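The values are calculated or read from the model by the stated rules, or taken from the named source; none is laboratory data. This structure is a prediction, so every number in the text was calculated from the model and none was measured. Here the Cβ positions follow ideal geometry from the backbone for every residue, glycine too, while neighbour counts run over all protein chains shown.
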Amino acid sequence: MSWALGRDDEAITEWERADGYATVRVRERADGGFVVRLDVMEQAADASAYERERFADREAALDRAAEWREERALDD
């Protein structure tokens, strides 16, 4: 199941899975670091999850976000 970019501004980049039950978000912190968050709701076809990781730079955060999107893709 594909992911769509739902928000992309100076502070937040967020993707939503096509079924609407999962999101991945990259957010810049006030200290210049970045947080990546995976949120899969309990209603999702796959197991629910909430994970959060901190990174020093945006590229590393975006790499982790891509990994989570790949791991949590569902077959159509």
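Points to keep in mind about this one:
- Cross-chain or 6+ apart pairs with Cβ under 7 Å, segment 56-76 first and without any contact (Cβ under 8 Å) to a residue 40 or more places away in the chain and basic (Lys, Arg), then crowded, with 17+ Cβ neighbours inside 10 Å and outside any helix (DSSP H, G or I): Arg58/Phe34; Arg64/Val36; Arg64/Phe55
- Considering residues of segment 50-76 that are at pLDDT 95 or above and aliphatic (A, V, I, L, M) only, the residue farthest from Ser2 (Cα to Cα): Ala56
- Whichever residue in segment 6-26 is under 10 Å from the mean Cα position of the chain (by Cα) and not acidic (Asp, Glu) and, among such residues, is nearest to Asp46 (Cα to Cα): Ala22
- Within segment 40-59, tally of residues that are surrounded by 15 or more Cβ atoms within 10 Å (Cβ to Cβ) and more than 19 Å from Asp9 (Cβ to Cβ): 4
- Odd one out for Ala60, checked against (1) in a strand (DSSP E or B); (2) in contact with a Phe, Trp or Tyr (Cβ under 8 Å, 6 or more places away or on another chain); (3) of a type outside the set (Phe, Trp, Tyr): (1)
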